[in-house]
1. For region 141-151, does any single residue satisfy the condition of being more than 16 Å from the chain's Cα centre (by Cα) and outside any loop (DSSP other than H, G, I, E, B)?
2. If you check ILE19 against the conditions, is it of a type in the set (Val, Ile, Thr), at pLDDT below 95 and open to solvent by 70 Å² or more (accessible area, probe 1.4 Å)?
3. Condition test on THR46, is it among the polar types (S, T, N, Q) and closer than 21 Å to LYS144 by Cβ?
4. Among (1) surrounded by fewer than 18 Cβ atoms within 10 Å (Cβ to Cβ); (2) free of Cβ contacts under 8 Å to residues at least 40 places away in the same chain; (3) more than 19 Å from LYS53 (Cβ to Cβ), where does GLU126 come up short?
5. Those residues that are open to solvent by less than 20 Å² (accessible area, probe 1.4 Å) and over 16 Å from TRP121 (Cα atoms), I need them from region 61-109; list them, please.
6. May I ask you to list the residues in region 33-72 that are in a loop (DSSP other than H, G, I, E, B) and among the β-branched types (Val, Ile, Thr)?
7. Can you tell me which residue among TYR117, TYR79, TYR135 is outside any strand (DSSP E or B), touching a residue at least 40 places away in the same chain (Cβ under 8 Å) and touching a Lys or Arg at 6+ places or on another chain (Cβ under 9 Å)?
8. Take LYS106 and tell me if it is without any contact (Cβ under 8 Å) to a residue 60 or more places away in the chain, assigned to a loop (DSSP other than H, G, I, E, B) and not polar (S, T, N, Q).
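The values are calculated or read from the model by the stated rules, or taken from the named source; none is laboratory data. Note that the structure is predicted; figures quoted are calculated from it, not measured. Counting neighbours? That spans all protein chains shown, and the Cβs are built from the backbone with ideal geometry, glycine included. Accessible surface is based on the protein model in full, side chains and every heavy atom, while ligands, DNA and RNA are left aside. Shrake-Rupley method; radii C 1.70, N 1.55, O 1.52, S 1.80 Å.
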Amino acid sequence: MKKILLSFSIIALLTTSCISTRNTIKNIDDTAVIPALSKEKTFIITEISNDKKYGYDQDYPVNLGFLPIQSAEVNVKRYFGALSGPNGEKLSYNKVDTCCPFPSKKNDMGAGVLDIYEITWEGLTEPKRIYINLYEKGQVLAPKGFGIRKI
């Protein structure tokens, strides 16, 4: 019984601390529209970011919060399906971590987190790590160093 009570206390403390965390994300845009979909059901992305922080820095994640969080994971597949390596290489991606709680009105708990994905392609010497935000909206671009898959 004491272990259960302790567990609930820890969860309550963590939840409270997440909610009070200040938002440092700089590229949220509530007016952003969801990208169109290709025949393959991937996003149609037309631009590569000029900002070297876009996607690589927790304060400048790729914001894919266009759907309710319960179904937002589909946007990760749509996003990475639209990208390639810089010379058209096929990507592989894998979620490796969750981090960086921030306040969000898009979640009943009042907080969101970022997902970290590791991306590889043939010829890449070291995997790239990209921060994804499934709670907030923003302009959807390819990160610097990536390409856009030909449709």
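1. Residues of region 141-151 more than 16 Å from the chain's Cα centre (by Cα): 145, 147-151.
Now drop any that are not outside any loop (DSSP other than H, G, I, E, B), which leaves 147-148.
Among the residues of region 141-151, at least one is more than 16 Å from the chain's Cα centre (by Cα) and outside any loop (DSSP other than H, G, I, E, B), which makes the answer yes.
2. Yes, satisfied.
3. In short, yes.
4. Failing condition for GLU126: (3).
5. PRO61, VAL62, ASN63, LEU64, GLY65, ALA72, ASN75, VAL76, PHE102, SER104, listed by residue number.
6. Listed by number, the residues that qualify are VAL33, ILE34, THR42, ILE44, ILE45, THR46.
7. Criteria check complete, one pass: TYR135.
8. Values: without any contact (Cβ under 8 Å) to a residue 60 or more places away in the chain: yes; assigned to a loop (DSSP other than H, G, I, E, B): yes; not polar (S, T, N, Q): yes.
So LYS106 fits the description; yes.
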